[in-house]
Amino acid sequence: MMEMGTMMNQPLLISSIIRYAARYAATQEVVSHLGSGHMHRYTYAQCEQRARMLASALERSGLARGERVGTLAWNSYRHLEIYYAASGMGAVCHTINPRLHVDQIAFIINDANDRRVFFDAAFLPLVQVLADRCKAVQEWILLEDTTAAADAAQFKARAYEPLVQEGDAQYAWPSFDENAAAGLCYTSGTTGNPKGVLYSHRSTVLHAYAASLPNAMGISVQEVVAPLVPMFHVNAWGLPYTAPMNGAKLVLPGAQLDGETLYNLFEAEGVTFSAGVPSVWQGVLAHIHKIDGHFSSFRRVVIGGSACSASMIADFETFGVTVRHAWGMTEVSPLGTVCVPMPKHQALSDAQQAAIAARQGRALFGIDMRIADDQGKELPWDGKTFGNLEVRGNWVLDSYFGSGKSALSHGWFGTGDVATIDADGYLLITDRSKDVIKSGGEWISSIEIENIAMAHPSVFLAACVAAAHPKWDERPILVVVKKPGEQVDAAQLLQFFQGKVAKWWLPDAVVFIDEMPLTATGKMQKRVLRERYRDYLQNGAQTGHAE
């Protein structure tokens, strides 16, 4: 019989994170930009006390453990309090993406059976529509001092601040099983209805531990952390947990995510570290170029959600900011890999180091990954062989909320990504399986085509999608949004690809559009583009480059 250890066994609970911050980083600030230059600031000690009061008030109002608490809110101190109050008392914090279509939001609230929904005043018109469609919601709570905004709109809601004041400042965080549900996030639902991913206290705390490590986000008490990824999108990549876990100052940007506002916020608060999707950073970089500025404190950024172009990485480097590419997804809590170079990479040429930086990186401890063929056979890690990316680990989904059946195949979760992995374990996402272009039996990486196009000085956004072809089945079409005032034609852009990819990878056509369709999380809607341009080459448009 195996002998057991004799160490303490304390459950890994989310409440322990904010309790630690309040005890060991009591005076560190949580700063919120509330819009139009209005700021709110207080300490972790004050944040934890208000979270305890809110938890107590929710419990007294009849909210039971395991019930879902919805949020429709931007990154702010009140949203942070709900994160810890709901999960800390044993309920489930369900963050809802307000950028989704109202039909999807109504489906999500009803599917989750939310009992309370907290919402920012900006979403009052949305909530007025949802209220009639979400009958299980017992109370809509406006994140304001009073209900003035709701009263003016003739919508019955409760105000947040009076609710908090009903709570007990001496409320003691309860202890329970660390495997209890803590948070709920839904996938974007690009194909069919969104699906819920139900995180546990254990998985969330372990994810925060791993994300804090130097091989990941590298968060310490010395950092000033500004999550630009919304708190309604996969828990802002875990930063509302990793920052307090390490006692780092936390700067919450609110709803104004334009380049000028973010740059001014970073400078005013001394932000050193941030994370977000490429589309947000384009605005920041455009503004700093416009004013011929520089960053006083900002030094590190993690970029994910979609591939970060080599040109963006190089642009950040000119301002002294190191970019770390990352990969993850809602089902992985979300962080799976971060690209931190190894010592041996220092001896490589600049071009070789740039190629490493363009990868999504190595798995965090706690995550295992592999690539496999369509029959489930594992493929070699040679940096060349394409395969279906599969993962498993301590914060990877086993089954979707309410499904009652596992989403795994032979113990692995299929991500839907196509990738290569090199001998050192560096992951390179080459496509989503639905986006990969199969031309004449060979695969073409749409992401690689996009990254090259994005490096052109006249290109603002670029998407590569498949179009039907009578001979090759599919051929790549490049869809481009130019930078304001820039001029470039199709021939010039295709010439830019010469020597960078195999000739048969060259797009058969370039289509210029004024605005790129984007998802609710800022990613390009390739499904829309595929449908729009599926028959483009069949209609007499330019063909060729398929030798």
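The values are calculated or read from the model by the stated rules, or taken from the named source; none is laboratory data. Please read all numbers here as calculations on a predicted model, not as lab measurements. All Cβ positions, even for glycine, are placed from backbone atoms using ideal geometry, and neighbour counts span all protein chains on display.
Is at least one residue of the range 325-333 surrounded by fewer than 20 Cβ atoms within 10 Å (Cβ to Cβ) and part of a helix (DSSP H, G or I)? No: the range 325-333 contains no residue that is surrounded by fewer than 20 Cβ atoms within 10 Å (Cβ to Cβ) and part of a helix (DSSP H, G or I).
Among residues that are under 28 Å from Ala208 (Cβ atoms) and either over 23 Å from the mean Cα position of the chain (by Cα) or not aromatic (Phe, Trp, Tyr) (or both), Val418 is not included.
Within the range 1-38, the residues that satisfy the criterion of being farther than 29 Å from Ala255 by Cα and not hydrophobic (A, V, I, L, M, F, W, C) are Glu3, Gly5, Thr6, Asn9, Gln10, Pro11, Arg23, Tyr24.
Sort through Phe295, Phe316 and tell me the only one that's surrounded by 20 or more Cβ atoms within 10 Å (Cβ to Cβ), modelled with pLDDT of 95 or more and among the aromatic types (Phe, Trp, Tyr).
On the way: Phe295 fails: surrounded by 20 or more Cβ atoms within 10 Å (Cβ to Cβ).
Of Phe295, Phe316, the one residue that is surrounded by 20 or more Cβ atoms within 10 Å (Cβ to Cβ), modelled with pLDDT of 95 or more and among the aromatic types (Phe, Trp, Tyr) is Phe316.
Every condition in (1) touching a Phe, Trp or Tyr at 6+ places or on another chain (Cβ under 8 Å); (2) surrounded by fewer than 15 Cβ atoms within 10 Å (Cβ to Cβ); (3) hydroxyl-bearing (Ser, Thr, Tyr) holds for Ser409 except the one numbered (1).
So, of the residues in the range 180-227 that are free of Cβ contacts under 8 Å to residues at least 60 places away in the same chain and touching a helix residue (DSSP H, G or I) at 6+ places or on another chain (Cβ under 6 Å), which turns out to be farthest from Val251 (Cα to Cα)? Among those that are free of Cβ contacts under 8 Å to residues at least 60 places away in the same chain and touching a helix residue (DSSP H, G or I) at 6+ places or on another chain (Cβ under 6 Å), it is Ser212.
I need a count of the residues in the range 25-45 that are modelled with pLDDT of 95 or more and either farther than 16 Å from Leu228 by Cα or outside any strand (DSSP E or B) (or both). It would help to see each step written out before you state the result.
We begin by selecting, within the range 25-45, every residue modelled with pLDDT of 95 or more; these are 25-34, 38-45.
Subsequent filtering for residues that are either farther than 16 Å from Leu228 by Cα or outside any strand (DSSP E or B) (or both) retains 25-29, 38-45.
Final tally of qualifying residues: 13.
Checked against (1) in contact with a Ser or Thr (Cβ under 6 Å, 6 or more places away or on another chain); (2) of a type in the set (A, V, I, L, M, F, W, C); (3) crowded, with 21+ Cβ neighbours inside 10 Å, Leu493 passes all but a single condition, namely (1). Remark: pairs (first residue in the range 259-270, over 15 Å from His289 (Cα atoms); second residue of a type in the set (Phe, Trp, Tyr) and modelled with pLDDT under 95; Cβ separation under 8 Å; 6+ apart in sequence or on different chains) are absent. None of Gly196, Gly247, Gly238 is outside the structural domain of Glu81 (by TED's automatic domain parsing), under 19 Å from the mean Cα position of the chain (by Cα) and of a type outside the set (S, T, N, Q) except Gly238. Would you check which residues across the range 470-484 are in contact with a helix residue (DSSP H, G or I) (Cβ under 8 Å, 6 or more places away or on another chain) and surrounded by fewer than 18 Cβ atoms within 10 Å (Cβ to Cβ) and list them? Across the range 470-484, the qualifying residue is only Pro470.
Determine whether Arg19 is in a helix (DSSP H, G or I) and buried (at least 22 other Cβ atoms within 10 Å of the Cβ). Judged against the criteria, Arg19 is not a match. Between Leu58, Leu72, Leu80, the distinction of being in contact (Cβ under 8 Å) with a residue 24 or more places away in the chain, surrounded by 18 or more Cβ atoms within 10 Å (Cβ to Cβ) and farther than 30 Å from Leu518 by Cβ belongs to Leu58 only.
Taken over the range 126-162, the residue count meeting the criterion of being under 30 Å from the mean Cα position of the chain (by Cα) and polar (S, T, N, Q) is 2.
Taking the range 285-315 only, how many residues are farther than 21 Å from Glu260 by Cβ and among the hydrophobic types (A, V, I, L, M, F, W, C)?
Residues flagged as farther than 21 Å from Glu260 by Cβ and among the hydrophobic types (A, V, I, L, M, F, W, C) within the range 285-315 amount to 6.
Considering only the range 446-493, state which residues are among the basic types (Lys, Arg) and more than 31 Å from the chain's Cα centre (by Cα). Correct list: Lys471 only.
Among Phe460, Phe496, which is modelled with pLDDT of 95 or more, at negative phi and of a type outside the set (A, V, I, L, M)? Spell out the reasoning first.
On the way: Phe460 fails: modelled with pLDDT of 95 or more.
When all the criteria are applied, what remains is Phe496.
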